[in-house]
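The values are calculated or read from the model by the stated rules, or taken from the named source; none is laboratory data. Treat the numbers as computed from the prediction; the structure is a model and nothing was measured. Cβ atoms come from the backbone with ideal geometry, glycine included; neighbour counts cover every protein chain shown.
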Amino acid sequence: MFDYHVHTTQSADCSTPIFDSCAAAIHAGVTEIAFTDHIEHEPADMSFGFFNYAQYMEDLERSRDMFGDRLTILAGAEVDFNLGIAPQVESFLGDHRFDFVIGSVHYGDGGEIIFPEYFTSRSIVDVMKPYLEQIQAAAETGWFDTIGHIDLPKRYRPTESLAYDPLAVEPELRAALQSIISGKMSFEINTSGLRQGPKTSMPGPQIVDLYVSMGGTRITVGSDSHVPETIGAGITETLYMLELTGISSVGSFRNRVRTEVPIASLRSGTA
């Protein structure tokens, strides 16, 4: 089992030390983990200026010394992106080395997507269209290995609103997916939605179906865990979903270089 989206105390919204997460990952049957703390250049964000690369790498090396015989531990990052902070993102990625980098969009046009008030007087479609334009821009930079939770806003829409239909924003969604495919990038299946409001992964099978129909094949999987109890959560179910939609492998990374690992080999324990 691979879990390529896990946070530690180097994220402002996480209080779980990396060592506790490694022990939890082994207990959960995870064999390869990427610690992807928030890298934030948006001044309003709680994680702005929080990440300490030197301390992160020191903790990572110590965790490899402690757990490396049972768990492959990768240096990762979840780097927030929008066009307004693109120069800072480019500079950061040029100055720091990781095994794996997620590009995520958390900020929309005029407000922060993760705050409920962003949906005041906006429908989910009003939110998704500019959000997907930022996803497309992130993919077109070529700076990232995978794009995170590409329909994140559905998690924060008001519960009384109508169910979210990805085809309501199909032109913008296709444009974003085409940029990911053309850039030989992947997007992640973020399993946190299975245990939170949407009760489905981000994205769910409808978007994966569309991606496959467009010729897409590259996927990563991650739990987006902030506590030990959820490391690896939902990944087994997600691998079954991927196979049903025509995806036969998931990505593994070393030094930003991707290797495709067959899902069948993960299931049989031969990867």
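Structure data summary
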{"quantity": "Only listed residue being of a type in the set (D, E, K, R) and either surrounded by 17 or more Cβ atoms within 10 Å (Cβ to Cβ) or within 14 Å of the chain's Cα centre (by Cα) (or both), chosen from Asp165, Asp224", "calculated": "Asp224"}
{"quantity": "Residues (of a type in the set (Phe, Trp, Tyr) and in contact (Cβ under 8 Å) with a residue 40 or more places away in the chain) located in the range 125-152", "calculated": "Trp143, Phe144"}
{"quantity": "Complete set of residues in the range 137-155 that are small (Gly, Ala, Ser) and in a loop (DSSP other than H, G, I, E, B)", "calculated": "Gly142, Gly148"}
{"quantity": "So Ala163, is it modelled with pLDDT under 95 and in a loop (DSSP other than H, G, I, E, B)", "calculated": "yes"}
{"quantity": "Subset of the range 240-259 (residues that are exposed (fewer than 13 other Cβ atoms within 10 Å of the Cβ) and either closer than 13 Å to Val221 by Cβ or touching a residue at least 60 places away in the same chain (Cβ under 8 Å) (or both))", "calculated": "Tyr240, Arg254, Asn255"}
{"quantity": "Near pairs, Cβ below 8 angstrom, 6+ apart or cross-chain, from the range 22-34 (more than 15 Å from Leu60 (Cα to Cα) and touching a residue at least 40 places away in the same chain (Cβ under 8 Å)) to any residue that is among the aromatic types (Phe, Trp, Tyr) and assigned to a strand (DSSP E or B)", "calculated": "Val30/Phe2; Thr31/Phe2"}
{"quantity": "Test for Ala23: is it surrounded by fewer than 17 Cβ atoms within 10 Å (Cβ to Cβ), at pLDDT 95 or above, among the aliphatic types (A, V, I, L, M) and over 19 Å from the mean Cα position of the chain (by Cα)", "calculated": "no"}
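Quick grid of which residues meet (1) part of a loop (DSSP other than H, G, I, E, B); (2) surrounded by 20 or more Cβ atoms within 10 Å (Cβ to Cβ):
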position: Ala75; (1), (2): no, yes
position: Glu78; (1), (2): no, yes
position: Ala86; (1), (2): no, no
position: Gly94; (1), (2): no, no
position: Ile102; (1), (2): no, yes
position: Ile114; (1), (2): yes, no
position: Ser121; (1), (2): yes, no
position: Val125; (1), (2): no, no
position: Met128; (1), (2): no, yes
